Amino acid sequence: MDVSYDCELNLSTDFEPTSFKEVASHDEWKEVMPKEYDALIKNGTWKLVDPPLGTKPIGCKWVYKNKYKDDGSLDKHKARLVAKGFAQKEGVDYEETFSPTTKWATIQTLFALAA
């Protein structure tokens, strides 16, 4: 019995790092991190400050995701700096919460449906 196997080695560039350490050897990921940080500073959504005395700051981490075009090909790499919110305590670390934002196209669709 002659059995043949067709094998293909897939060296994908769609790699998504799971840690900052993994990013060190991938220039394409290192390029998007400063852009994200600069956007956070420019928009005033994040700033680096000294914590009040006697408090422990909430940590943050980088999250890396690939974004794809409609045809499934790689569009861009996206890096987000996120707070480790699970470490927060209501009344200590925060007083209120905010709703997530939505895209303008979604709002227009809701208005069209309501009309």
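The values are calculated or read from the model by the stated rules, or taken from the named source; none is laboratory data. What you see is a predicted model; the values in this text were computed from it and never measured. Cβ sites come from the backbone with ideal geometry, for glycine too, and all protein chains shown count toward neighbours.
Structural remarks
- In the set Glu31, Glu36, only one residue is modelled with pLDDT of 90 or more, closer than 28 Å to Lys89 by Cα and surrounded by 10 or more Cβ atoms within 10 Å (Cβ to Cβ); that residue is Glu36.
- Answer residue from the stretch 60-115, given it is of a type in the set (A, V, I, L, M, F, W, C), out of contact with any Leu (no Cβ under 7 Å at 6 or more places or on another chain) and assigned to a strand (DSSP E or B) and is modelled with the lowest pLDDT among those: Ala83
- Hits in the stretch 16-60 (condition: closer than 23 Å to Leu74 by Cβ and basic (Lys, Arg)): Lys21, Lys30, Lys35
- Selection status of Trp46, modelled with pLDDT under 90 and either part of a helix (DSSP H, G or I) or within 25 Å of Thr101 (Cα to Cα) (or both): yes
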